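Trainee: Dropping the structure in here first, questions after.
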Amino acid sequence: MKLKRQRRFHAEVSTASLNDIMFFLLLFFLIISTLGNPNVIKLLLPKSSKSVQDIPKTKPVALTITKDKTYYINSTAVPLPQLEERLIAATANMDEPVITLRVDNSVTVQELVDVMSLGAKLKIKMVMATELNQ
């Protein structure tokens, strides 16, 4: 007499809730990614047709000029009269000081030239950040 069952049990994985889990993970990472860089200064950078990247050995200092002519050194607001001494302090421990200029496209050329002449006076290499046209 054969008492074994004719059907064998197959292991099944219920995937009905995986959509919900993936949605919550996506939402979580989207929210966390916006918190990753809270000191972002909104700018409309000038456009460029070519990109030249010379990566320095040390992290460059970021100098940002907004459209309302506010100066920032590494996301710290700096008044214009103190800009020179703050640049000296920011680049004091660098062998080859490099400053990345992030200038809003509505800022006048004269203000850009003033900042670049200040960098030339202090013997600091200045690189201008642009938005690449494609």
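Trainee: Looking only at residues that are part of a loop (DSSP other than H, G, I, E, B) and at pLDDT below 85 in the range 117-134, which one is farthest from S49 (Cα to Cα)? Quick ask: steps written out before the conclusion?
Mentor: Within the range 117-134, the subset part of a loop (DSSP other than H, G, I, E, B) is 122-124, 129-130, 133-134.
Applying the additional criterion that residues be at pLDDT below 85 yields 129-130, 133-134.
Working: A129: 12, T130: 9, N133: 5, Q134: 7 Å.
Checked the range 117-134; the qualifying residue farthest from S49 (Cα to Cα) is A129.
Trainee: So in the range 101-116, with the set limited to residues that are assigned to a loop (DSSP other than H, G, I, E, B) and among the polar types (S, T, N, Q), which one is nearest to I88 (Cα to Cα)? Steps first, please.
Mentor: First, the residues of the range 101-116 that are assigned to a loop (DSSP other than H, G, I, E, B): 104-108.
Those still in the list that are among the polar types (S, T, N, Q) too: 105-106, 108.
Values: N105: 26, S106: 27, T108: 24 Å.
Only one residue fits best here, namely T108.
Trainee: Any idea how many residues of the range 98-124 are touching a residue at least 40 places away in the same chain (Cβ under 8 Å) and among the charged types (D, E, K, R)?
Mentor: Narrowing the range 98-124 to residues touching a residue at least 40 places away in the same chain (Cβ under 8 Å): 98, 100, 102-107, 111-112, 115.
Narrowing the set further to residues that are among the charged types (D, E, K, R) leaves 102, 104, 111.
Matching residues across the range 98-124 total 3.
Trainee: So which residues in the range 1-36 are of a type in the set (D, E, K, R) and at pLDDT 85 or above, if there are any at all? Talk me through it step by step, then tell me what you get.
Mentor: To start, the set of residues in the range 1-36 that are of a type in the set (D, E, K, R) comprises 2, 4-5, 7-8, 12, 20.
Matches in the range 1-36: D20 only.
Trainee: Now, a different point. Looking only at the range 104-134, how many residues end up being acidic (D, E), more than 22 Å from K42 (Cβ to Cβ) and touching a strand residue (DSSP E or B) at 6+ places or on another chain (Cβ under 8 Å)? Give the derivation first.
Mentor: Going through the range 104-134, the residues acidic (D, E) turn out to be 104, 111, 114, 131.
Next, from what is left, pick out any that are more than 22 Å from K42 (Cβ to Cβ): 114.
Narrowing further to those that are touching a strand residue (DSSP E or B) at 6+ places or on another chain (Cβ under 8 Å): none.
Of the residues in the range 104-134, 0 are acidic (D, E), more than 22 Å from K42 (Cβ to Cβ) and touching a strand residue (DSSP E or B) at 6+ places or on another chain (Cβ under 8 Å).
Trainee: Name every residue in the range 47-83 that is at pLDDT 75 or above and charged (D, E, K, R), in order of residue number. Don't jump to the end; show me each part of the working.
Mentor: Just the residues of the range 47-83 that are at pLDDT 75 or above, to begin with: 59-83.
Result: K59, K67, D68, K69.
Trainee: Right, next: Among the numbered conditions (1) in contact (Cβ under 8 Å) with a residue 12 or more places away in the chain; (2) of a type outside the set (A, V, I, L, M); (3) within 15 Å of N74 (Cβ to Cβ), tell me where D95 comes up short.
Mentor: It fails just one condition, (3).
The values are calculated or read from the model by the stated rules, or taken from the named source; none is laboratory data. From a predicted model like this one, the values you see are computed outputs, not experimental measurements. Note that each Cβ is placed from the backbone with ideal geometry, even for glycine, and that neighbours are counted across all protein chains shown.
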